[in-house]
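Since the structure comes first, as structure tokens, the remarks are kept for the end.
Each value in this text was obtained by applying a stated rule to the coordinates, not by laboratory testing. The model shown is predicted, which means the values in this text are computed figures rather than measured ones. Here the Cβ positions follow ideal geometry from the backbone for every residue, glycine too, while neighbour counts run over all protein chains shown.
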Amino acid sequence: MNKAAVLVASIMAMNSSVVVADQKCDLGAQETAPAKYFKNNADGTITDTRSKLVWRACIAGMSWNGQQCEGTSQTFNYSMAGITIDELNEARDSGRNDWRLPTREELDTLVEQRCYRPAINLNVFSFSPESGFWTHSAGDKDNRVWVVHFLHGGAYIANKNQDWRLRPVAGR
């Protein structure tokens, strides 16, 4: 393969919506977010059958093509995350206009504690990078909120000017 072909292949791999995860799981440990708790609605949404919350299957920046997420995930500061939620609602993304930022407790329900890199069930949420995701839960100061980081499932207080990803939720 020539150098140009290798370069093109490398760039395509970096920008691909398909995740080749290096996920590690302790298969002997109890699952905390097993696939049986989630229903894929085949419309770009996934329902948590325990809480009845509806999650957007694709993280913000990506779209549902009828079978899977495609496009490029994006990061946003907290203000832009709110604007993105408003845009999803105006567009009636997946037929809904009640998308919002999840609370820390809600987003924590997606963490698969027996896994890391990412700490989420990839059979349910197939495109889930090892990244932090915004919540609506206030931190210790006005300019800070909680972020759940799916590298290992921990939660951290983040500055609203930082850039993180967004997985919208609806319901309740």
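Observations, loosely collected:
- Local electrostatic count, D98, Cβ distance below 11 Å [Lys/Arg +1, Asp/Glu -1]: +3
- Residues Y156, Y116, arranged from fewest to most other Cβ atoms within 10 angstrom of their Cβ, appear as Y156, Y116.
- Under 17 Å from a label point set 7 Å out along the Cα-to-Cβ vector of N65, the amide N atoms of the stretch 101-140 belong to 126-128.
- Summarised as an ellipsoid, the chain has semi-axes of 24, 20, 18 Å, derived from the eigenvalues of the Cα gyration tensor scaled by 5 and square-rooted, with the largest first.
- Partners for K141 among lysines (Cα-Cα distance below 21 Å; same-chain residues under 8 apart left out): K160
- Treating r as the C-beta distance of K141 and M80 and R0 as 30 Å, the FRET efficiency rounds to 0.95.
- Residue by residue, the stretch 155-160 carries 3J(HN,Hα) couplings of 10, 9, 8, 10, 6, 5 Hz when phi is fed to the Karplus relation 6.51 cos²θ - 1.76 cosθ + 1.60 (θ = phi - 60°); x denotes Gly or Pro.
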